[in-house]
Amino acid sequence: MAAQAHDLIVIGMGVGGEEVAGRAAEAGMDVVAVERKLVGGECPYWGCIPSKIMVRAGDALAEAARVAGLAGRATVAPDWAPVAARVREATAGWDDRVAVERFEKKGGTFVRGEARVVAPGEAEVDGWRLRARRGIVLATGGEPAVPPIDGLDRVGYWTNREAIEAAELPRSLVVLGAGAVGLELAQTFRRFGVETTVVEAAGHPLPGEEPENGEAMAEVLEAEGIALHVGTSARAVRPATGGAGVAVELADGTVVEAERLLVATGRRSDLRRLGLDAVGLDPAARAVQVDEHLRAGGGLWAVGDVTGRGAFTHLAVYQGRIAAADVLGRQHAPADYRAVPRVTFTDPEVAGVGLTEAAARDAGVAVRTGVARTASSARGWIHGPGAEHGVVKLVADGDREVLVGASVMGPAAGEVIGLLLLAVKERIPLPALRQLIYPYPTFVRGLEDALRQLG
Ligand SMILES: Cc1cc2nc3c(=O)[nH]c(=O)nc-3n(C[C@H](O)[C@H](O)[C@H](O)COP(=O)(O)OP(=O)(O)OC[C@H]3O[C@@H](n4cnc5c(N)ncnc54)[C@H](O)[C@@H]3O)c2cc1C
């Protein structure tokens, strides 16, 4: 089969692939990009953007409910129709024409189809052979990971994709998984009146975050009327009594019934399907191993979720920028993952950067922590409802007097983490952080209390 030659083949055009392909094409490379679904990937169509549109709508309802304690009376009648309409507007009805044109205007060649690596520098798309003079970039992201639960394949279930596309809401919902995706959707749907149950195998929601956040989040969810089962997992799933909906049997024997089941138990990458054995990589691996230049081998790079370094759009774009520079042979700073921020857009938001206390101890750091409650800061007290569960936790290396991690839970936590991100990344000495003049009365000023607690 004759192969069509290009400088660079980019497989997968999510945010990571778009970043590399766009930069390389703008620099004058002959780039062919292959995408089997939509250019833009998960984030604009089934992830960050539509989910945050939903979260914003749910937050508006929650704020209205807080009027009672602050400003009188507000009556709301939740309606999913405007939310579904905004999601359709944001995704252009799941149409990527604009994104394809944006790439083509940069000089790239776009191919719709599923690509498979068949040899070093060579890929196949629907019987077409492509060859790359410079190399291949893998940017294939991930898929919802569906656990092997007895009966799950015989009942219908939602992943984030069906949940985001929902034009109407079910009466009741069971959510498996209390990570960011599961909780953002669970809280939003509950605020629109859906009877919601969340099941989490770990001992608290948000298992990747500090236990202080997970425990406070459990209180938030329960106060909103979400039934929470932690420390247990789904053992079997079958059609509910009467045939409508699903019955989920938990490991502790509890049976939960609902009209719909949402599986939000993480993401996975299928490297076998991508043909990575053809370039000597382990197709059974969970992720493609990359070095600090995002190189996975000779003439092979990988960026984004497929690298297993964290599933965030900002991380995929960061890696994409470095990989593009490396592909182009340009000077660049190597990838540094010490200060990758994470934000869960629940209400209150939960944001983190760097190491948790447990991870820092595991890494042998001489840990010191400082914890402060938002409600006892000036702004937290003024804010009142919505700030009750806020907490800031700083994790310091006591030997070097710098922060190695931090978490913030509270209103606008995703913004407050910005300062801490800089502190962790640039190893700003604790005395310098203490000497800053924090604006009064802001949530960011609440950091002073936690810094004081560090001693
Ligand atoms: C519900 C939800 C909410 C989220 N919210 C946030 C958020 O608020 N903030 C944040 O930072 N992150 C968020 N994320 C995570 C974020 O969406 C991902 O980290 C990001 O999309 C990763 O980009 P990527 O380019 O690595 O992969 P993807 O976006 O998954 O793109 C990979 C692309 O590769 C294509 N592909 C795969 N295999 C092939 C093949 N063989 N041939 C051709 N094409 C292929 C896929 O179709 C896909 O379009 C969220 C995720 C979900 C599910």
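The values are calculated or read from the model by the stated rules, or taken from the named source; none is laboratory data. These figures come from a predicted structure and were not determined experimentally. As a convention, Cβ positions derive from the backbone with ideal geometry for all residues, glycine included, and neighbour counts pool all protein chains shown.
Couple of notes before you dig in:
- Near pairs, Cβ below 7 angstrom, 6+ apart or cross-chain, from the range 74-103 (under 18 Å from Leu185 (Cβ atoms)) to any residue that is of a type outside the set (A, V, I, L, M) and outside any helix (DSSP H, G or I): Pro78/Phe192; Pro78/Gly193; Trp80/Glu168; Trp80/Phe192
- Residues that are in a loop (DSSP other than H, G, I, E, B) and more than 24 Å from the chain's Cα centre (by Cα) within the range 66-108 comprise Ala71, Gly72, Arg73, Ala74, Thr75, Val76, Ala77, Pro78, Asp79, Lys106, Gly107, Gly108, listed in sequence order.
- Hits in the range 1-30 - residues which are assigned to a helix (DSSP H, G or I), closer than 15 Å to Asp305 by Cβ and small (Gly, Ala, Ser): Gly16, Gly17
- Residue within the range 37-59 that is touching a residue at least 60 places away in the same chain (Cβ under 8 Å), over 30 Å from Thr188 (Cα atoms) and away from the ligand (no atom under 14 Å from the Cβ) present: no
- Test for Ala163: is it within 11 Å of the ligand (Cβ to nearest atom), more than 30 Å from Leu281 (Cβ to Cβ) and at pLDDT 95 or above: yes
- The selection criterion, being more than 19 Å from Ala311 (Cα to Cα), away from the ligand (no atom under 14 Å from the Cβ) and among the aliphatic types (A, V, I, L, M), does not hold for Ala33.
- Scanning the range 1-25 for residues that are in contact with a helix residue (DSSP H, G or I) (Cβ under 6 Å, 6 or more places away or on another chain) and not small (Gly, Ala, Ser) returns Leu8, Val10, Val15, Glu19, Val20, Arg23.
- Any hit, the range 305-317, residues being more than 14 Å from the ligand (Cβ to nearest atom) and in contact (Cβ under 8 Å) with a residue 24 or more places away in the chain: no
- Once the range 326-354 is narrowed to residues that are β-branched (Val, Ile, Thr) and not in a loop (DSSP other than H, G, I, E, B), the residue that is nearest to Ala413 (Cα to Cα) is Val350.
- Residue check for Trp80: of a type in the set (A, V, I, L, M, F, W, C) and more than 30 Å from Arg295 (Cβ to Cβ): yes
- The numbered conditions (1) more than 13 Å from the ligand (Cβ to nearest atom); (2) outside the structural domain of Val32 (by TED's automatic domain parsing); (3) not acidic (Asp, Glu) are all true for Gly127 except (2).
- Taking the listed residues Arg260, Arg273, the one that is surrounded by fewer than 20 Cβ atoms within 10 Å (Cβ to Cβ) and either touching a residue at least 12 places away in the same chain (Cβ under 8 Å) or away from the ligand (no atom under 11 Å from the Cβ) (or both) is Arg273, with no other qualifying.
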